[in-house]
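Worksheet for the structure shown next.
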Amino acid sequence: MTRAAGVGDDSRGDGELDGALVLGVVLLTVLHWGSLALRLPLAQSLRGWFLGYSELPFGNVWPLPLLLVSLVGGAVLVFRRSQATRSVLFVLFGLGFVLQVGLSALEGRGLDALRDPLVRIGGHGEMFDVAMAEPSLFDVVANYEAYSASDRLMHYAQSKPPGFIIGYMLTERVASLGQGPDPVVRKARAATLGAVGWSLLSFAAVFPLFYFARLYLSDRDAMAASLLYLVVPSVQLINGHLDQVLFPTLAILTLAMAGHGMRSASLALIGGAGAVLAVSTFISFSLLPVVPLVGVVLATEARRIDEASAGRSAFISSGLAFAGCAAAVLLVFYVAFDYDPVLRFKNAMAYHAAWKSLPADMRTIAYTSILNWIEFGTWLGVPISLAWAGGTLMSLSAFLRREERPIDLLMLGTVLVVLLMCAFGRTMAEVARLWMFLVPLVCVFTVATVTQTLRGDAARGLVGLIALQAVTVLMLKRFCDI
């Protein structure tokens, strides 16, 4: 498989400037840690900020050395590996789960630290109550609009497509196999299965993330992007939500299939990406921005084709294959379950607008856009956020000089999509969770930026970045637990 030209190009960058950038990332990260430890209300003083300080003294400290050893072992495998790629990916998959369980063990409450977000009163915990109350998955999908209008599905499900509550119902059904009707026991077992099964499933993203990153990075750097994903604060700490469990995996899987399908001229693979996207939007409308991201990936790959007319033809045929297969899957849902995605989207957005009551004037949109960027960046981790911002500026500079690489176009296209999300998303804060599907992409951009900036020292730079991220996860766990 071909690789993107120009990754780690020695023609870019300056030694002294690179050193200054690295020092700046370290200093700003340490300042962020200090603001957390001193409880300085910097972001928390912003109107609409979603997550304040909520201290969580660690009841146990014994997991800390185990977490350190596990992470170091993962880094050694990635940067000095002799094992097969597939074996290392499975190790990273397990490592993500080990880190999440270890971070929860710091609280000294066993699995309750992972179970509580699933059953918390006043939040998404109501979803398991709905799941237990509904006897038929088929009836929920077929009668979703009627059930929503009657408040039968309670609060959160009304702003979502039916696949979201189906995820909870399936979990509850599996957990309750062989059990009696006692709702307390059923809910407790569902929460336990979610705490373990969902936590493990959430790190399946490392597989498609690696294969997507290979389109633009070397194998080692693509593996580093998968490792970096494991030390993103939102991924490790905002657990117990399908946003974290499924959305990043579904998004990056769609993009990986589309990219590799375009690279190998496989309309079947691109059509499969469309089918995955259709299933994704059946679960959450939050994944609709993946559609323009697919367009960006297809356009980026089309530019690799030497003949312009052939590139345009490939882009059009790929887009039609993607859209056609997505439409076919939604048609199956309509025929089989009488599910109307357009009507559900309209009703969900109306409910969301009435619930959030967010004005649509330009001043509000501008303010919420800035707030959302800050929140998303905070829960990405300051080191990743700064690297991504720096990489975006470098990509813009390259584009203006007409020296852009494929990764530059992808990075700029992604930023444009996020700006559109800010303008039309109608959400103030909570994007640390709602935008989590973007995290795998950001990890790819971060690694690309580090390898371009540090060149021969990229491996050490990536190890340092991962270390800074790991400490950031611990600091946010200690001082901003959610």
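Just one of (1) 1.13; (2) 0.95; (3) 1.00 is Rg/Rh (Cα atoms, Kirkwood Rh) as worked out from the coordinates here. Which one is it? Matching the structure shown: (2). Straight-line cross-link reach from Lys187 at under 19 Å between alpha-carbon atoms covers these aspartates and glutamates, not counting any fewer than eight positions away in the same chain: Asp112, Asp116, Glu126, Asp129, Glu134, Glu172.
Place the peptides 239-251, 445-457 in order of packing, highest mean first, counting for every residue the other Cβ atoms within 10 Å and averaging per peptide.
239-251, 445-457
Each label point was placed 7 Å from the Cα along the Cα-to-Cβ direction; for Ser317 and Phe79 their separation is 4.4 nm. The distance between label points at Ala389 and Ala146 comes to 5.3 nm (points 7 Å beyond Cα on the Cα→Cβ vector).
Counting every other Cβ atom within 10 Å of each residue's Cβ, Val471, Val297, Val76 order from fewest to most as Val76, Val471, Val297. Annotation for Leu23 and Arg460: the two label points, set 7 Å from Cα along the Cα-Cβ direction, are 1.6 nm apart. Summed over qualifying helices (DSSP H, 4 residues or more, each -39500 (n - 2.57)) and divided by its residue number, the chain shows a 222 nm mean residue ellipticity of -22500 deg cm²/dmol.
Maximal additional length on extending the Ala310-Met362 stretch stands at 14.6 nm, based on 0.36 nm per residue less the C-alpha distance.
In order along the stretch 459-473, the Karplus-derived 3J(HN,Hα) couplings, from 6.51 cos²θ - 1.76 cosθ + 1.60 at θ = phi - 60°, round to 4, 5, x, 5, 4, x, 4, 5, 5, 4, 5, 4, 5, 4, 4 Hz, and Gly and Pro are given as x.
For the pair Asn60 and Val184 in one chain, pulling the backbone fully straight at 0.36 nm per residue adds 41.8 nm over the alpha carbon distance. Sorting the segments 30-42, 87-99 by their mean number of nearby beta carbons within 10 angstrom, highest to lowest, gives 87-99, 30-42. For the stretch 190-213, the residues whose amide N sits under 17 Å from a probe point set 7 Å from the Cα of Phe97 along the beta carbon direction are 191-208. Of the residues Thr281, Met421, Val342, the one whose Cα sits farthest toward the positive end of the charge dipole of the stretch 15-479, with +1 on the Cβ of Lys and Arg and -1 on the Cβ of Asp and Glu, is Met421.
Here's how it looks for Cys480: its modeled amide H is under 5 Å from those of Ser54, which are all 5 or more places away or on a different chain. For the chain, the relative contact order is 25 percent, taking Cα pairs closer than 8 Å that sit 6 or more residues apart in sequence and dividing their mean separation by the residue count. What the Cβ-Cβ distance of Ala423 and Leu400 gives, at R0 = 25 Å and to the nearest 0.05, is a FRET efficiency of 0.60. With the charge dipole of the chain set up from +1 on Lys and Arg Cβ and -1 on Asp and Glu Cβ about the Cα centre, the Cα lying farthest toward the positive end among the listed residues Pro440, Thr378, Phe97 is that of Phe97. Placing a label point 7 Å from the Cα of Phe345 along the Cα-to-Cβ direction, the residues of the stretch 402-446 with a backbone N closer than 16 Å are 421, 424-426. Charged side chains reduced to their Cβ positions (Lys and Arg at +1, Asp and Glu at -1) give the stretch 15-479 a dipole of some 480 debye around its Cα centre. Scanning the chain for GluC sites (Glu not before Pro) lying in DSSP loops with no more than 12 further Cβ atoms inside 10 Å, the longest uninterrupted stretch between such sites is 56-306.
FYI, it's all coordinate maths here, none of it is from the lab. Quantities reported herein were computed from a predicted structural model and do not represent experimental measurements. Counting neighbours? That spans all protein chains shown, and the Cβs are built from the backbone with ideal geometry, glycine included.
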